[in-house]
Structure formats: C-alpha cells, structure tokens
Amino acid sequence: MFVSKIRRSLIGAAAALSLVAVGGSALAADTIKLRLSSPASANDERAIALTEIFAPAVSSFAEFDPHWNASLFKQGTELEAISRGNLDMSIASAQELAEFFPEFGVFAAGYVHRDAAHQVAVFNSDFFKSYKKTVEDKLGVKLLTIMYLGRRQLNLRTDNVIKTPADMAGIKLRMPGSESWQFLGKALGANPVPMAFGEVYTALQTGAVDGQDNPLPTVQKSKFYEVTKQIVLTNHLVDLNYVTISQKVWNKLTADQQATVQKAADAAAESGRQKQLKLEGELEAFMKSKGLKVYSPDLNAFRSAVQAAYLKSDLSKSWEKGALEKINAL
Ligand code: KDO
C-alpha cells in the first residue's frame, strides 16, 4: 500500500504536537479565526451552507474565514496544512484521508454508500468512532460532521454512447489526484488523468481530457455542461466530505463553544445535504435543456466491474476486516 514518506513522517509530527496541545483550556475572551480552505466554488451548496449557517452560529467567539477555489491551499494539501498548524478547517474527502490512513479507502470506494442517509448512518455508527479517533490522535484533525456532495456521474465531451465499462476504453477521464480516485477511474474502464478541480473546465474545453466525473450540482455550478456533450448516470460514487477542524484549535475552545461549533457544523451539513438532494432531482432536466444527452448505462455492468476491481485489488486488503459488511448492514 502506498502512503508517501512525507505523509508518514507527518503523522509522527502530528502525534507529537497533540501531546503539547492545550487540552480544554478556555480562551473565551478571544475571538478566534477559523480559516478554511477548499477547492469548492463559493456557489457550491456546501460553501453556501457554511457561510450562511455555520459562520453566524459561531460568530460570538469565532470569525469564520473561508477561502474557496483552492485559493489558500492546493486541493489535497489541506489536511497536511491543518496538521502542521497552518490552517484551521477544511472540507476533506475520504480519498484524502486514505492517503494517510489506507483503511479510509473503504469509504471512498465505488458503489459502497447507498445514499445520503446511509452516509450519515455510517458517520454516526459505533464502528466509525475508531476511524475518527485515529485521525484525531495521529493527524491532529477532528472530523466534525459529514456533508453530502452527491452521486457522481460520468460527464463526457465525446458523444459515443456508453453502456458498459468496456465502452470507456481509451477515454481520458479527469479524476482528482490521489491513488483512490485514480483507481476508481480505472475501475470504470477509463484512462484516469490526475488533475486539480480548478483546472477541469479548461481541460474539457481544450480537449486535454475527454471527460470528468462529478455530481450534477457540481456540473451545473462549475458550468462543465458548457464544454461537454453527455452525462452517463453511472451513480458510481455517492460522494461525501467531512468538515474538519484542527484538534488543537478545538481543544482551546470551552465546552460551550465546542457544543456550538458542533451544532453549527451539523446544521450547515444538513442544510447543504437537503439543497444538494433537491438540485440533483432537478438537474437532469436542466442538462437536457442545455443540449446534453443524459441517460442510464447498464448499471449492473458498471457495479459489478467496479466492485470486482476493488475486491481483487491491494486497496481493499488495507480495509479493516469486516468494514464493508458493517457498512452494508447499516
Ligand atoms: C473533484 O475534485 O472532482 C471533487 O468533486 C472531489 C471532492 O472530494 C471535493 O473535494 C470537490 O471536488 C471540491 O470541493 C470541489 O467541488
């Protein structure tokens, strides 16, 4: 299993840091700045929910200071930044966490989570507690709540009809940069190309890639529909994000402030989830109105190819024993 040396050494450094963290001491008189960095655009429902719901709810003691469009830290480097004490919050993916803790790969795998409610059940389950604790103890990052990004679909600038993974042969599919994402792209039958989110529109426009995958709200908000011709409703990943906060910052809050931050994060996540679900319901019609073909492929063919790819891979060997069964049972 690949976990880069720099990330391993970082885990050691974070563990040392957490030993000197100011456990529970109250700084109630100070207003703290909560700087968040994310590649999400400001019009993304997760960004809107954090800005409109989280920020005012914590404003009596904290100034929420978000930086969208990866304007502060590059996509995929936010967790390191938090761990090193250079950033306070992020919207992290399971794929990013799997770079540090390969067992998180199960939450990043295709066709595992069923829907938004299933994601919440997994996040709040007893068995997920040890995953949260690992991230806190070893990286100095607390997973506050779970956000719904949506069902990822294939979105291509080519117009060949895609029915099965075999039809994806030779398609250059942009996927985010980490190993879990690249694996998923391959499992879908494509040639995955690693690329940061902020570069996707131009890459689609110029033909540097043949397609990308994201939920329909992202295709709409980032205007990928302007530079693509079709959407194949593979539903290959019910995608999630964790709202994270530095454990060190968390430890400096009073118990009341911690409760307020937790409640605010949960409320923002719930609002974002409902809006994202509503949008997903509306956007097939929107995409068609923009001239895109939108259709379902042979879902069994995609599901079985993707599941088989994981089960015979080294990636799934690093999943905790029984994790998949526990997720499926929820
Ligand atoms: C993406 O890069 O395709 C992705 O959808 C991956 C997600 O994990 C998430 O980080 C998201 O981008 C960004 O927040 C931008 O919407």
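The values are calculated or read from the model by the stated rules, or taken from the named source; none is laboratory data. Note that the coordinates shown come from a computational prediction; the quantities given were computed from them, not determined experimentally. Counting neighbours? That spans all protein chains shown, and the Cβs are built from the backbone with ideal geometry, glycine included. Note: accessible area is taken over every heavy atom of the protein model, side chains too, but ligands, DNA and RNA are not part of it. Shrake-Rupley method; radii C 1.70, N 1.55, O 1.52, S 1.80 Å.
Could you check the simple spin-label distance between Asn43 and Ser289, using points 7 Å along Cα→Cβ, in nm with one decimal?
About 1.4 nm separates the two model spin labels.
Counting only DSSP beta bridges with both residues in the chain, tell me the antiparallel percent, nearest 5.
55 percent
How about the range 259-330: which trypsin sites (Lys or Arg not before Pro) there lie in a loop by DSSP and see at most 15 other Cβ atoms within 10 Å?
Here the sparse-neighbourhood loop sites are Lys290, Lys312, Lys321.
First compute the accessible area of the chain with a 1.4 Å probe, then give the percent of it belonging to carbon and sulfur atoms.
53 percent
Helix by helix through the chain, keep the DSSP H runs that span 30 Å or more along the axis on Cα and average at least -1.0 on Kyte-Doolittle, and give those back in order.
Those that clear 30 Å and a mean of -1.0 are 255-289.
Using the structure shown, select from Lys33/Lys138; Lys223/Lys288; Lys132/Lys278; Lys186/Lys293; Lys138/Lys248; Lys275/Lys326 the pairs with a Cα to Cα distance greater than 18 angstrom.
Long pairs (Cα-Cα over 18 Å): Lys33/Lys138; Lys132/Lys278; Lys186/Lys293; Lys275/Lys326.
Select from Phe197, Trp181, Asn328 the residue farthest towards the positive end of the dipole of the chain; place +1 on Cβ of Lys and Arg, -1 on Cβ of Asp and Glu, and compute about the Cα centre.
Trp181
Averaged per residue, what accessible area in Å² does the chain show with a 1.4 Å probe, protein chains only?
41 Å²
Given R₀ = 41 Å, what would the calculated FRET efficiency be for Lys163 paired with Asp256, taking r from the Cβ atoms and rounding to 0.05?
Rounded to the nearest 0.05, the efficiency is 0.15.
Of Ala117, Pro165, Ile91, which is farthest on the positive side of the dipole of the chain, counting Cα position, with +1 on Lys and Arg Cβ, -1 on Asp and Glu Cβ, and the Cα centre as origin?
Checking the options against the dipole of the chain, the answer is Pro165.
At 1.4 Å probe size, what's the solvent-accessible area of Met287? Round to the nearest 10 Å².
It works out to around 0 Å².
Please list the non-local residues whose amide H lies under 5 Å from the amide H of Thr234, H modeled 1.01 Å from N, same-chain partners needing a gap of 5 or more.
Leu154
So, taking all protein chains as they sit and a 1.4 Å probe, how much accessible area belongs to Tyr295, in Å² rounded to tens?
40 Å²
Comparing Gly272, Gly185, Gly281, which has the greatest mean-square fluctuation in the GNM of the chain with Cα pairs linked when under 10 Å apart?
Greatest mean-square fluctuation among the candidates belongs to Gly281.
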